Amino acid sequence: MNLTEQEQRGRWKKDRADRGIYRRGKTWYVRFRDQEGKMRAERVGPSKTLALKAYQKRKTEVAERRFFPGANTSFDELIKDAIAEAQRNYALKKLNKRTTYRYRILGEWFKGRKASSLRPEEIDKKLSSHCVTPANFNRYRNSLSHAYRLAIQNGKATDNPARLIKLKQENNTRVRFLEPEEETALRAAIQKLHPAREPEFDLALYTGMRWSEQYGLTWQQVNWKLSEITLLHTKSGRKQYVRINKAARAALEKLRVITRGSDYVCPDQGHHAFDFWWREALEKSKVKNFHWHDLRHTFASRLVMAGTDIYTVSKLLRHGSVKTSERYAHLADAHLQQAVECLTPGVTPSVTALKKPALHVPQSIQ
């Protein structure tokens, strides 16, 4: 008698030899109920034989009431697994310190603790004291939650305390850009304190790259002939391209001399050296409430104030949607207001009414 496809699938499910195991892709998993009747799943690996053995082991532990998942797992082990997973997912072995630094900081906070000993209120208090902005709070919270989710998937934890911590509302509408006089002061401070860092400043100012993109950039990604930078690992997860104008090219040429022999465009591959020279320059210039990422805002704001349409600005910023770039639209309106003010009686029309931001031109292209 011929069996239907549905009957064949049902027959397979009832095969006692394969009970409690299943495959997803090339990976085998075991599934069973613990002492409390809760269904659990654990990843084993590519071997079906090991999956069957793991299933029998778990069934025996449950029957003898010896199954206590995650009771003895250390938090250090959770962080180690999370870092390893991040390295596999993003394949950024040369940038581990940068892509996994939140996991490393979390590991320092709760070093030596049992994973099961952390409580939501303790985590919330630690995050609130360390994180200045809601966005930073949410990133650390998500990193911790990911570490626990991975541990649960691997059978090393039973609960995720981070999931009970409420995310904070973020305000992503901040648009802080350098005024011409602020750029003059900041540039003077960099030239006096850390002159070798000025090309890094210019590269960010004239390309709009994010910090992680710029400081993870290698010379292989720079196409001099096409005046283009290829970003392999971006915020969107897709390959993206950055245009190189004359000012950015001049900065790259200086960096090529400074970093001769290095694979990286910028000399330092860590936060500490960067924080030192950047914060020192900010303090010396007395430029307040300004972050490195605001150089990206400056890049976009100056494009808009120079008359570039929002669609083009969005493409240059590599935003996934034009809506994200609309935060800069009001800057174009401000210049329209300056234009109509020229019609006010007693006001002499002049080019200063439509004055564009003063831009620094590197000496090599003057």
*helices (runs of 4 or more DSSP H) wholly inside region 206-290 that include at least 3 residues being at pLDDT 90 or above and open to solvent by 60 Å² or more (accessible area, probe 1.4 Å)*: 246-258, 271-285
*Would you pick out the residues in region 301-321 that are part of a helix (DSSP H, G or I), surrounded by 14 or more Cβ atoms within 10 Å (Cβ to Cβ) and of a type in the set (Val, Ile, Thr)?*
VAL304, ILE310, VAL313
*Among the residues of region 1-51, how many are at pLDDT below 80, part of a loop (DSSP other than H, G, I, E, B) and open to solvent by less than 50 Å² (accessible area, probe 1.4 Å)?*
1
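Within region 122-132, does at least one residue satisfy the condition of being open to solvent by less than 70 Å² (accessible area, probe 1.4 Å), assigned to a helix (DSSP H, G or I) and modelled with pLDDT under 90? Outline the logic, then answer.
Start the filter on region 122-132 by keeping residues that are open to solvent by less than 70 Å² (accessible area, probe 1.4 Å), which leaves 122-124, 127-128, 131.
So of that shortlist, the ones also assigned to a helix (DSSP H, G or I) come out as 122-124, 127-128.
Add one more test, that the residue is modelled with pLDDT under 90, and what stays is none.
No - not one qualifying residue is present in region 122-132.
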*asked:* Among the listed residues LYS288, LYS254, LYS284, identify the single one that is within 18 Å of ALA188 (Cβ to Cβ), free of Cβ contacts under 8 Å to residues at least 60 places away in the same chain and either in contact with a helix residue (DSSP H, G or I) (Cβ under 9 Å, 6 or more places away or on another chain) or small (Gly, Ala, Ser) (or both).
replied: LYS288
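The values are calculated or read from the model by the stated rules, or taken from the named source; none is laboratory data. It should be emphasised that the depicted structure is a prediction, and the values quoted were computed from it without experimental measurement. Cβ sites come from the backbone with ideal geometry, for glycine too, and all protein chains shown count toward neighbours. Ligands, DNA and RNA are stripped out before the accessible areas are found, and what is left, the full protein with its side chains, is counted by its heavy atoms. Shrake-Rupley method; radii C 1.70, N 1.55, O 1.52, S 1.80 Å.
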